[in-house]
1. Which pairs turn up if I take residues in region 412-424 that are closer than 12 Å to residue 206 by Cα and look for partners that are of a type in the set (D, E, K, R) with beta carbon separation below 9 Å, at least 6 apart in sequence or on another chain?
2. Given the residues 377, 370, which is the only one that is within 28 Å of residue 21 (Cα to Cα), touching a helix residue (DSSP H, G or I) at 6+ places or on another chain (Cβ under 6 Å) and modelled with pLDDT of 80 or more?
3. Can you name the residue in region 188-222 that is within 28 Å of the chain's Cα centre (by Cα) and acidic (Asp, Glu) and is also nearest to residue 407 (Cα to Cα) among such residues?
4. Restricting the search to region 460-477, which residues are closer than 23 Å to residue 172 by Cα and in contact (Cβ under 8 Å) with a residue 40 or more places away in the chain?
5. When residues of region 401-423 are filtered for being under 29 Å from residue 106 (Cβ atoms) and either open to solvent by 20 Å² or more (accessible area, probe 1.4 Å) or among the acidic types (Asp, Glu) (or both), how many remain?
6. Quick one: would you say residue 95 is within 24 Å of residue 439 (Cα to Cα), surrounded by 24 or more Cβ atoms within 10 Å (Cβ to Cβ), modelled with pLDDT of 85 or more and among the charged types (D, E, K, R)?
7. How many of the residues in region 445-472 are open to solvent by less than 60 Å² (accessible area, probe 1.4 Å) and assigned to a helix (DSSP H, G or I)?
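The values are calculated or read from the model by the stated rules, or taken from the named source; none is laboratory data. This structure is a prediction, so every number in the text was calculated from the model and none was measured. Note: ideal-geometry Cβ built from the backbone for every residue, glycine included; neighbour counts use all protein chains shown. Ligands, DNA and RNA are excluded from the accessible area calculation, which covers all protein heavy atoms including side chains. Shrake-Rupley method; radii C 1.70, N 1.55, O 1.52, S 1.80 Å.
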Amino acid sequence: MDTQVILDGLMTALHPMNLLWLTLGGLLGTIVGMLPGLGPATGVAILIPVTFGMEPISALILLAAIYYGAMYGGSRSSILINTPGDGSAIAATFDGYPMTKKGQAGQAMAISAVASLIGGLIAVVGFVLLSAPLANLAIRFGPAEYFLLMLFTLSAVVSLSIGKMVKGFIAMLAGLLIGTVGIDLQTGVHRFTLDIPHFSDGIDFLVVIIGIYAVGEVLFNLLTISKQKVQKNKKLGKVWFTKEQWKRSKWPIIRSGPLGFIIGVLPGAGGTIASMLSYSTEKQLSKKPDEFGKGAVEGLAAPESANNAASVGAMIPLLTMGIPGSGTTAVMLGALVMLGIRPGPLLFENSPDLVWSFINSMFIGNLILVVINIAMVGLLVKILNIPSQVLYPIILILSFMGAYTLGYSTIDFYILIAFGVIGLFLKILDFPIAPLILALIVGTSMEQNLRKSLVLSDGSFNIFFSSSICIGLIILTILSLCYPLIVKVISKRRFAKDTGEPTDV
């Protein structure tokens, strides 16, 4: 590793124009990330024309800043109004929004920004040290490994539904069923399309997310709007977290950074799986798992660290193999090719100055973003001062705009309303929503990888035991499904020990 090249890259990243692009990209990414239905891929796509005529390194710095800036911004609306900006911000609603309802919105957004910073910095260090070996590991993932990885992720999320595992499985199966709508890519058969051409491409998971979380939340709150008026004068909280909150969050942040980074390296995995998996991991490791979903600060910090780390990790397959690791990096790949940058194994050898300028810019960009996001906390928290009668229509307008811009079809309005009603009933009946959403997101890819695996093995299931990665993932899946039972046994034994009563376990 040439120290001089690294220093030259740092000086390039610190050039005033590149610092300006970093700041502008981070700010725009944060704003785009907050808008329901847009997300980083849309933000990058919209601003590609801006990069025409720019220096390749400046263009790369700008696009990357928009990407991980949107990862910061996606959680702002999740925390404040329970409306995820994109799929990777879903986990921020689980404990971020409950913190807001407890008057801790400022603290939630501050810990979110710091967790994203630390996760991003951990991932950048990982990028420097592990880009080559992790790229080789990603190459070893075939259809069987991807199927088992997604199966493990689903089992880990379902296992969070302690006390309502049956409801968790029902929600997961419903998500997988929704994911089957559309044309079967292998046979060309129309499945559950109801003879509606719009359904041929399936139901966009972002429309479902916006419907269940945003519209569903508005409908539920309308049922209790009189109570909300009574609670209106509740304090908004400090704009910085307490020592106790930091103490509870620091290790989850540190653990989730590397986890998110590794998940991000895997093509097709992305920030949603990384954040969900980190959330489930922290709940399983926590001494107070019953507090998750009710405003546990570590339940917000862990996925925020993971999803930002995943955005950095997704750059590894993009730059080292020319393989996009997410939808956003797929857009970036097209932009880089237009700019004359050829991602691949020879990029590090042929253009080390570009690579190290980019890596240094990610260090600096994460520092700039945490300043931007913390500076905006006081302004954003004022959203909570908006009367409910004004705020809810605004949320609905943003939701309908976000749904429409995804496919420019009015049919998405009906889908949005339908899933808003479904979200309302899920909330009333106390069904866990996370298994449904994650199953919907990974369902199509999971099905395709299962079928590819069986085709490659002539229908034999032995392919799922053909590598150490497969066996490891199967073991993790079994352990995650057994976790609620293990917790129950341990709890009964502790209770018996504390009270001196016999246990029947």
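1. What qualifies is 412/204; 415/204.
2. Numbers: 377 fails: modelled with pLDDT of 80 or more.
The conditions single out 370.
3. 204
4. Answer for region 460-477, where residues must be closer than 23 Å to residue 172 by Cα and in contact (Cβ under 8 Å) with a residue 40 or more places away in the chain: 464, 470, 473, 474, 476, 477.
5. 1
6. Working: within 24 Å of residue 439 (Cα to Cα): yes; surrounded by 24 or more Cβ atoms within 10 Å (Cβ to Cβ): yes; modelled with pLDDT of 85 or more: yes; among the charged types (D, E, K, R): yes.
The answer is yes for residue 95.
7. Going through region 445-472 one residue at a time, the tally reaches 14.
Results for (1) modelled with pLDDT of 80 or more; (2) part of a loop (DSSP other than H, G, I, E, B); (3) over 27 Å from residue 370 (Cα atoms), shown as yes or no for each residue.
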| residue | (1), (2), (3) |
| --- | --- |
| 226 | no, no, yes |
| 229 | no, no, yes |
| 236 | no, yes, no |
| 259 | yes, no, no |
